[in-house]
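Worksheet: one structure, shown below.
The values are calculated or read from the model by the stated rules, or taken from the named source; none is laboratory data. Only a predicted model underlies this, so the values are computations on that prediction, with no experimental measurement involved. Positions of Cβ are generated from backbone atoms using ideal geometry, with glycine treated the same way; all protein chains shown enter the neighbour counts. Ligands, DNA and RNA are excluded from the accessible area calculation, which covers all protein heavy atoms including side chains. Shrake-Rupley method; radii C 1.70, N 1.55, O 1.52, S 1.80 Å.
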Amino acid sequence: ARADLNNDGRIDLVTSNLDVVRYNNSSNVQVLINNFDFENNWIGLVLKGTDTNINAIGTTVNIITESDTISKFVRSGGSYASQGSRRLIFNIAKEDKITKVLINWSSGKTQEIDISDSELNKYYQILESSDQLEELNCEQSNWGCSDIEEYEILDIRLNSLTLRNPIGGIYHLQEPVD
């Protein structure tokens, strides 16, 4: 599954090897944290539908910058038995400025939002039919805008995270060590 687990604007990966569980009776969940140091800016968007479905699945978002147009599509699923993040992350060149966001909601509505004054390197929520961006505070320890907010956090350490799946089972995710 793909998601920004530590809210830094970089996509991290979570993988699982089912054969290890089947034959060794143990969990083999791996988290690959993207620590690549890049100089670009980014903006993250969480869409909430009102007339369309609440998760905005099927919605297309275009970020218009001074030099480019970047398009992303809200989708559900990912691969077998996984769900990737529905948050959209747009990488913006360091010297580039965002002028506006064009949203084509799956309900058929089109929305244009001026975000030229919005701060970059943050997550924002957009409600369908609202022209306002709501900043999401991802600095809080409760992981309020995290991709794993539906899990109960059991333990958090520098390079690992233990959480309880609401369906059952405990997962311990740890960054690989060289």
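A few points about this structure:
- For the range 101-119, taking the residues that are farther than 18 Å from residue 74 by Cα and not acidic (Asp, Glu), the one that is surrounded by the most Cβ atoms within 10 Å (Cβ to Cβ) is identified as 115.
- Looking across the range 72-97 at every residue that is of a type in the set (A, V, I, L, M, F, W, C) and either modelled with pLDDT of 90 or more or within 13 Å of the chain's Cα centre (by Cα) (or both), the one that is most open to solvent (accessible area, probe 1.4 Å) is identified as 73.
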